[in-house]
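Everything below concerns the one structure shown next.
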Amino acid sequence: MTASGTNPGAEPPAGGSGRGRESVSAAWELLLPVASVPARGRGRALQSALREAVRSGRLAPGTRLPSSRELAADLGVSRGLVTEAYEQLTAESYLRSGRGAGTWVSGSARAAAGGARDLAPRARGVRVDFRPGTPDLSLFPRSAWAAAHRSVLGRLPHGALGYPDPRGLPELRVALAALLTRRRGVVADPERLLVCSGVAQATTLLGFVLHGRGVRTVGVEDPGSPEHTALFASAGVATTMVPLDEEGLALAPLKRSGVRAAVTTPAHQFPTGVAYSAARRSRLLEWARETDGLLIEDDYDGDFRYDRAPVGALQGLDPERVAYTGSVSKSLAPGLRLGWLIAPASMTAELVERKRMMDLGNPSLEQAVLADFVAGGGYDRQLRRCQRAYRERRDVLTRALAEHIPGTEVSGVAAGLHAIARLPGRRGPEEEFAERAATAGVAVRLLREYGTERPEDDCVRLVLGYAHLTPADIVRGVRALAGLVQ
């Protein structure tokens, strides 16, 4: 092999076993591009090429490398550059060397798995996806968000890019407190408001603090979101299922459970779609006061009510007995990972310290952009835009069901991003119906997937998410389901 690389197949001038010579020859092509790299970058390029050859196994452990003089001559680079590369990789344990014994590939390096998998939930091979929980991401206000981003970057002081207050940037906490007070009737003191990575982190923080106070079990709605159980489990807290009735979380089973903390979704229960009655809200607060307990309010889509003004948050009635959580996941995008937690004053310090230990606070820049977006009225405009779109899509869904599957019962209040549909007649077993729907290219969720109750009849009850679907897709999906109930 020459300095110009005209003989790349030649055996490199190195000693060692036949396997070692073959390994060097196989890896030689990785080093050839070094000669064409600009002089200032050749050292880094050589180190990277050698490192990759060792990681990939093309330079096998135990392979003896050419001397620095020989390799420099072959690559047409200085001997000092090769010596520096050998020394650097020896310091990193990719190579080993001994005085007068040459340089060898060590056995420390192991090849990393190639590629990166995407574990984000994706609908693959589905024509219409009725599974609930996703907003219409095409409604994200890209232009307005970009304008807020530019504005914030232009005026954000350098110090604001350091580690933030673990509660969140003061300007965002002030903006969110004003927003939640005005729109949701929350008692929101900016000093007690924590900016979190969505409701998921807020729930986990509460789990850790409750566990530290000796709480080992929390009540959750049945049916309800399965994520609550997993999130509390990560903090060492178990959950017990508490059934619902037509007014909300059932009081008698709640009292029998013996828990002193319970998760609720009073504005729009997930997944049944009921709104807690005024009487049930009052009785739950009485239970919390009598037991020195805590209600955890998940207000995941409380802004989206289509038949009347949204019912105010439960927290506004007793902020010392209710921990309030919410996020922008349904109004903007779940990928922003921005939410909030307002807890009783007695818990705030513990929550702040746990938040500090967990992640040192949320990203400052995204917090500042959201603060600007909320304070400037952009968030209110976005909510109005989403409300119009989602109300229209719910109407399209109910009309399509009435037209194509007559007799379907749609239950729950006109709110949120999903509806419950009970198909007419006996169409079960439900699991078989869901499988047939999947075969037809329609993804659905059964109501029974969210709770412990297993109805004995053969009725099919579906939880249909519609917010992320176009009106045309909704109609197309309903027509496909209609073909399964003929």
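The values are calculated or read from the model by the stated rules, or taken from the named source; none is laboratory data. Remember, it's a predicted structure, so these values are computed and weren't measured experimentally. Heads up, the Cβs are rebuilt from the backbone with ideal geometry, glycines too, and the neighbour counts pull from every protein chain shown. In case anyone asks, the SASA skips ligands and DNA or RNA and just uses the protein heavy atoms, side chains included. Shrake-Rupley method; radii C 1.70, N 1.55, O 1.52, S 1.80 Å.
For the range 405-456, the Kirkwood hydrodynamic radius comes to 12.5 Å, computed from all pairs of different C-alpha atoms. Legend: translational diffusion of the range 95-167 by Stokes-Einstein, Rh = Kirkwood radius over C-alpha pairs, 4 °C, 1.567 mPa s; D = 65 µm²/s. Where the alpha-carbon atoms of the range 370-441 are placed on the principal axes, they occupy 52, 22, 19 Å, in descending order. Stretching the chain fully between residue 365 and residue 381 yields a gain of 3.6 nm (0.36 nm per residue, less the alpha carbon separation).
On the beta carbon distance between residue 131 and residue 32, with R0 = 51 Å, the FRET formula returns roughly 0.50.
If you wrap the tightest convex hull around every Cα atom of the range 66-202 and split its volume per residue, you get 327 Å³. Length gain on complete extension for the stretch residue 358 to residue 233, per 0.36 nm per residue less the alpha carbon to alpha carbon distance? Computed gain between residue 358 and residue 233 is 43.4 nm. If R0 is taken as 22 Å, the Cβ-Cβ distance between residue 289 and residue 345 corresponds to a FRET efficiency of 0.90.
How many nm separate the modelled label positions at residue 92 and residue 155, each set 7 Å beyond the Cα in the direction of the Cβ? About 4.5 nm separates the two model spin labels. Here the relative contact order of the range 167-225, from alpha carbon pairs under 8 Å that lie six or more residues apart, stands at 28 percent. Ligands, DNA and RNA are left out, and with a 1.4 angstrom probe the accessible area of the chain is 46 Å² per residue. Taken over the range 171-253, the percentage of Cα pairs per 5 Å bin, counting from 0 up to the bin with the maximum distance, is 3, 14, 17, 16, 17, 19, 11, 2, 0. Using the Cβ-Cβ distance between residue 183 and residue 432 with R0 set to 56 Å, the FRET efficiency from 1/(1 + (r/R0)^6) comes to roughly 0.80.
Computed from the alpha carbon atoms alone, the convex hull of the range 256-336 holds 115 Å³ per residue. The distance between label points at residue 111 and residue 79 comes to 3.5 nm (points 7 Å beyond Cα on the Cα→Cβ vector).
If the segment from residue 138 to residue 52 were pulled out straight at 0.36 nm per residue, it would be longer than the present Cα-Cα gap by 26.9 nm.
Just so you know, the Rg over Rh for the range 331-486 is 1.10, from Cα atoms, with Rh as the Kirkwood radius. Taking one quarter of the surface of the convex hull spanned by the alpha-carbon atoms of the range 131-207 gives a direction-averaged projected area of 7.5 nm².
Over the chain, the pair-distance histogram of Cα-Cα distances with 10 Å bins from zero comes to 4, 17, 20, 17, 13, 12, 11, 6, 1 percent, rounded to whole numbers. Based on C-alpha pairs under 8 angstrom that are at least 6 apart in sequence, the range 281-345 has a relative contact order of 29 percent. Using C-alpha pairs below 8 Å separated by at least 6 residues, the relative contact order for the chain is 17 percent. Can you pull the percent of the range 179-311's accessible area that's carbon plus sulfur, 1.4 Å probe, other chains left in place? After summing per-atom areas, the C and S share lands at 52 percent.
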